[in-house]
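Here is the structure we will look at.
The numbers here are math on the coordinates, done by the rules we state, and not lab data. Just so you know, these numbers come straight off a predicted model, no measurement behind them. In this analysis, Cβ positions are derived from the backbone assuming ideal geometry, glycine residues included, and neighbour counts consider all displayed protein chains.
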Amino acid sequence: MSNARILVTGGSGFIGSSLVKALLRAGCRVRVLDDNSRGSSRRLADVAKDIEFIAGDIRDAAAVDAAAQGTDEVHHLAFVNGTEFFYSAPDLVLDVGVRGMINVIDACRKHGIGRLVLASSSEVYQTPPHIPTDESAPLVVPDVLNPRYSYGAGKLISEVMAINFGRKYFERVLIFRPHNVYGPDMGWEHVIPQFALRLQTAGKRQPSGKLRFEIQGTGQETRGFCFIDDLVAGIMVVREKGEHLGIYHVGTMEEVAIADLARRIAAHAGREIDLVGGPALAGGTARRCPDISKLASLGYKPRVPLAQGLKPTLDWYWRNVDLAPKT
C-alpha cells in the first residue's frame, strides 16, 4: 500500500506527527487535518514540504469532508488526550470524540474511502479484569457521573461506530489501542513530563539532599510504558497485516510501578527522593499492562525498554521547559 493517499486527522499531535513521518518513509502521500489546539506545527516542521496540511477542526463536517476528498485511506487520531482534560473539560472531550468520529465516517462514505485506521485507547477497559490484558477484555464505563470516563467512553463509542459501519461500508477497518505512549514532546498533561518538571523545579529550590516528592496514590500503581518509536512501528504492522475489523494492542509488557518511575526520573537528574503518597483521582486504575501477543504474531516486537526511552524524553523536557503551558 505504498503511494497511497492518506489523511491523518490529528496529525500534528504527538502520535499523529510520528505516524505521518512513518507513512512518508513508506512511500505514502500524506495530508494532515489538525487545528493545532492540542498539536503543534513544530512537530511536522522537518516534513512540512512533504505533506499537505489543512487547518481545520475535526468537529467541522465541511472541513473533514474537504480533507478526505481524494484520499484512499484515513487514519483517525484527532481526540482530546491528557488526563487533566478528562476531569476539567469532559464535554469538550466527548464533543471532539463523538462528533469527530461521525464526521470521519460520513466523509469516508461520501468519497468512497474504503480503508479506515482508528486510534483507540487502553482507557476503554478502565479497570481491566486481568493483567496482562488482551483485546477480548470487556469495555467498561463504570460510572457515568465520573468525568474521567468521558475519554474512555468517547473511544468506546468510536470503536463501536467503526466496527459496525465497517461491516457494511468499508473494505478494511483497523483499530489499535495504544498503552501509555511516551517520548520527547509528548505534551505536558502526562505523568512523565509532569514528574520531570516537578523534579526540576524542586531541585532548583533545594540544590542538595533528598527531595520530598508527592504523588497521587500509593506509587504501587503500574503501567506498561511504550516508547513512541515502538508505538508507530506497531501501527505500521497493524496497517500492513491487520485483518478487517481487527483490534490490536500496541505497547510493551514491561510493567512498571509509578514509584519506580519517579525514582528512575530522579536518578536521571542525579537526585534522590522521598516519595509521599496522596489521594488518587477518582476513577484511576491500579494496574494496566497489555497482552501484545496478538500483534506480536504479526511480527511486532517493541525494541525500546523504559530505561532506554526515558533518557531522551527527560532530556527533551528539561531542555524545553520554556514551552510548558504557563499556569
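Where Lys and Arg each count +1 and Asp and Glu each count -1, what net charge lies around residue 241 among other residues with Cβ under 14 Å from its Cβ?
+3
Cα to Cα, under 15 Å, and not fewer than 8 places away if on the same chain: which aspartates and glutamates meet these conditions relative to residue 294?
Cα-Cα hits under 15 Å: 134, 135, 240, 243.
With each label point set 7 Å from Cα along the Cα-Cβ vector, what nm distance links residue 303 and residue 84?
3.5 nm
Considering only 7, 36, 268, whose Cα is most displaced toward the positive end of the charge dipole of the chain, charges sitting on Cβ of Lys, Arg (+1) and Asp, Glu (-1)?
The one lying farthest along the dipole's positive direction is 268.
Can you give me the angle between helix 258-268 and the longest principal axis of the chain, using Cα atoms only, in degrees from 0 to 90, rounded to the nearest 10?
Between the helix axis and the principal axis of the chain, the angle is about 70 degrees.
At a 10 Å Cβ-Cβ cut-off, how would you order 53, 227, fewest neighbours first? Could the numbers behind the result be given before it?
Working: 53 19, 227 24.
Ranked by crowding around the Cβ, least crowded first: 53, 227.
What lysines could a cross-link reach from residue 49, if we take a straight Cα to Cα line under 27 Å and drop same-chain neighbours fewer than 8 places away?
21
Which of 23, 197, 33 has the fewest other C-beta atoms within 10 Å, and how do the rest follow up to the most?
197, 23, 33
Magnitude of the Cβ-charge dipole of the range 171-260, K/R +1 and D/E -1, about the Cα centre, nearest 20 debye?
Here the range 171-260 has a charge dipole of around 460 debye.
Taking neighbour Cβ counts within 10 Å as the exposure measure, how do 289, 226 sort from fewest upward?
Arranged by neighbour count, lowest to highest, 289, 226 become 289, 226.
For the chain, what relative contact order do you get, as a whole percent, if you take Cα pairs closer than 8 Å and at least 6 residues apart? Present the calculation step by step, with values, prior to reporting the outcome.
Working: 631 pairs, mean separation 57.4, N = 327.
Result for the chain is 18 percent.
With all distinct Cα pairs included, what does the Kirkwood hydrodynamic radius of the range 135-203 come out to in Å, to one decimal, could you say?
15.3 Å
Pairing the Cα long axis of helix 100-111 with the longest principal axis of the chain, what angle in degrees results, from 0 to 90 and rounded to the nearest 10?
Helix 100-111 sits at roughly 30 degrees to that axis.
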